[in-house]
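Accompanying notes for the structure given below.
The values are calculated or read from the model by the stated rules, or taken from the named source; none is laboratory data. Here the structure is a predicted model, which is why all the values come from computation and not from measurement. Heads up, the Cβs are rebuilt from the backbone with ideal geometry, glycines too, and the neighbour counts pull from every protein chain shown. Ligands, DNA and RNA are stripped out before the accessible areas are found, and what is left, the full protein with its side chains, is counted by its heavy atoms. Shrake-Rupley method; radii C 1.70, N 1.55, O 1.52, S 1.80 Å.
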Amino acid sequence: MLLESLQIVFIISKFTPVKSDRGHLILFIQDFLSKQQIPANIDTYLCWEKHEQLQLQNLLWKNEYRVRLNMDEEVKFDIPYIEEHHLFLVDLSCEYVDELFQKANNKFLFKQPFRWIVIGNISDILLKKLAIGIDSQFFVIREKGEGFYIEAPYKYSTNSSIYTKNEIASWKQGEFGYYNYLNTGRNRTDLKGTVMKISYVITNPISLNHLWDYRYKHVDTISKLNYLLTNYLMDYVNASREYIVRPSWGYKLKNSSFYDGMVGDLQTDIAELGGTASFFTPDRIEIVDYISPTRTFMKFIFRSPPLSYVSNIFVLPFDIYVWFACFGILVLTCILIYVSIAWEWKEESFKENIIEDINGTLKPSVANIVLLEISAITQQGYAEEPKSAAGRIASVVLFISVIFLYTSYSASIVVLLQSTTDTIQTVQDLLDSRIKLGAEDIVYSHYYFESAKQPLQKAIYEQKVAPKGQKSNFMSVIEGMRLVQNDFFAFHVELSTGYKVVGDIFKESEKCGLQEITLFNIIEPWLPIRKNSTYKDIFKIGMGRLHEHGLKQREVLRTYTKKPVCQSNNSNFVNVGLIDCYFAFVIFGVGIFLSLIMMGAEVIFSKYTVKRAKHGTVFVKARE
């Protein structure tokens, strides 16, 4: 099976041989195909003698071209192969040519990837209202003397009646006099001032006055970038501009197959080119084509949350083994001090000192020892003390050890209070965290959130962005980024727009720790163009040239704002909030709760003891 080639329709000009049959014409067709070096599946529409058609078929088959002869007068466009590999061969002298051309015109067969060669008078082609645009490869073969010439007519606008032509080749006596390869992206880029209608999306009227001066770059950023690029493109192809401004990219109207906005302009042929890059949606692919990408993305932007939001910072300063060592020291000193105090109260040499300072002497009870330990840990001191040298040495060792531990612990706490965490890395983390969410109040943001199908995306929208019965969190970029600056908040926005506001209102220290999370895994936006547009190829090539020459990158750098660089990390002081002291308040609350329980127990026990004592006294007196 041969490689399936570009579909080429050769419309063969009317040939009236004088001394011979169509043998020279057949040889010329074979030479022309070989010169192009394109494998092809050829459909012929020729009203020749049967033996002449078979002669053509046999010759082309020998050169590895697949040929299908259409010898009946019924016009059928059956293309069983890949469109890029199909070729048509037509004779203008056939009676059904008008019907053939009309059907081909309705099926957009005069544009890429199809090719045509016509044998006949080129003036007969120019009289027909055919959509032979600048991307067409429509060859006309005419006889002149003993040779043949090939011309390629085309129109700058398919609605125009004026044709331009390229001289392709001349052939005589089996040799080419000249041959020019036709490359529509190179040979037909000059549109001679043809008017191009370009539809732009402008969401804020103020942008109309700042499309070219790089001011207010965070408003309609993608439209401003593409405005500059499409103007460069129109200069490249030498076309005039006519602008159309819409407030929306375009979405399907209710109970209709038509769209509004910019996409609607392309669908209804009001505009030829979309001047604002558009995100891909499955339904748009059916009605518009795309020619050039614009690297921009929508993501959640948020500041890394403080460590205290996800962890108890009061247990983080020490390693687990350090905590074990601390508890070991406290238990050991507790035992040593208790032994020393118990010995003091039994030793006769200390009794006089104990009697003289009974209120300042530490008594041998577990409660007193524990209170001494707590006083040392909290750096508060204790009113009672041991009287022996051994007890005092143990107490001093306890206080010195705790001072070093306290210093290390306090220094670590100060660092941890200024630390952030990167535990929020996925959409699920966003949903499960206490962080609040919002989104930019713009058309495409509403569309993607409201049409979300994936469970996580729907949960984000329904639970955090627009909860039922509450005000939705769609807001302006300035408002959203201020919440990111001042609160535990994540804002869904186009990155360049968000970072432009960050650069304007954030302090240097606040630019550190910014994180991004992608919610919608969508393809980057592309510049749209009308479906089956004859300018698609040259516009695509033009945009590629802008990229190669650096013009596109230049405008991207001037229009888009990158993520700011953190230059002052850990050089700022932070305010300590209630959430940072959460565990301290928990301890305080637990202590109050336990103290109240103990006080209640003591009151009940005291009343019980008094009552029991009274009953016991009465009983004794009664016996007496």
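Data table
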| quantity | calculated |
| --- | --- |
| Sequence of D319, D213, D43 when ordered by accessible area, the most exposed leading, probe 1.4 angstrom | D319, D213, D43 |
| Low-density loop positions, trypsin sites (Lys or Arg not before Pro), the stretch 97-187 - DSSP coil, at most 14 other Cβ in 10 Å | K107, K128, K129 |
| Per-residue ³J(HN,Hα) for the stretch 529-536, Karplus 6.51 cos²θ - 1.76 cosθ + 1.60, θ = phi - 60°, Hz, x for Gly and Pro | 9, 4, 4, 6, 5, 6, 9, 4 |
| Shape parameters for the stretch 44-201, alpha-carbon atoms, Rg then Dmax in Å | 16.7, 61 |
| Solvent exposure of the chain as accessible area per residue, Å², 1.4 Å probe | 53 Å² |
| When the stretch 157-200 is reduced to its Cα atoms, the Kirkwood hydrodynamic radius in Å | 13.6 Å |
| Karplus (6.51, -1.76, 1.60) ³J(HN,Hα), θ = phi - 60°, over the stretch 282-292, in Hz, Gly and Pro reported as x | x, 6, 6, 4, 6, 10, 9, 10, 10, 10, 7 |
| Protein-only accessible surface order, largest first, of E508, E151 at 1.4 Å | E508, E151 |
| Charge dipole of the chain about the Cα centre (unit charges at C-beta), most positive-ward option of I29, I150, N209 | N209 |
| In Hz, Karplus ³J(HN,Hα) per residue of the stretch 151-161 (6.51, -1.76, 1.60; θ = phi - 60°; x = Gly, Pro) | 10, 10, x, 7, 10, 5, 9, 5, 8, 7, 10 |
| Alpha carbon Rg of the stretch 383-465, scaled by the compact-globule rule 2.2 N^0.38 Å | 2.30 |
| Pairs of lysines in the stretch 402-519 (C-alpha under 24 Å apart; 8 or more residues apart or interchain) | 14 |
| Using alpha-carbon coordinates, inclination of helix 97-106 to the longest axis of the chain, degrees | 10 degrees |
| Convex hull volume per residue for the stretch 206-253, taking Cα atoms only, in Å³ | 104 Å³ |
| Percentage of interatomic Cα-Cα distances in the stretch 270-346 larger than 19 Å | 71 percent |
| Surface share of carbon and sulfur [accessible, 1.4 angstrom probe, percent] for the chain | 57 percent |
| Order of exposure, largest accessible area first, which applies to V477, V310 with probe 1.4 Å | V310, V477 |
| Convex hull of Cα atoms in the stretch 427-566, direction-averaged projection (nm²) | 10.9 nm² |
| Positive-end residue, the chain charge dipole about Cα centroid, Cβ charges, pick of I119, F449, V97 | F449 |
| Cβ charges +1 (Lys, Arg) and -1 (Asp, Glu), total dipole of the stretch 138-194, debye | 240 debye |
| Highest to lowest packing among 593-602, 188-197, scored as the average C-beta count within 10 Å | 188-197, 593-602 |
| Nearest-20 debye value, the stretch 130-228 charge dipole, Cβ charges on Lys, Arg, Asp, Glu | 320 debye |
| Dipole in debye (nearest 20) - the chain, about Cα centre, beta carbon charges: Lys, Arg +1; Asp, Glu -1 | 940 debye |
| C581 accessible area, 1.4 Å probe, all protein chains in place, Å² to nearest 10 | 40 Å² |
| For S248, residues with placed amide H under 5 Å, excluding near neighbours | I202, M262 |
| Cβ-based charge dipole, the chain, positive-most Cα from M543, Q137, L519 | L519 |
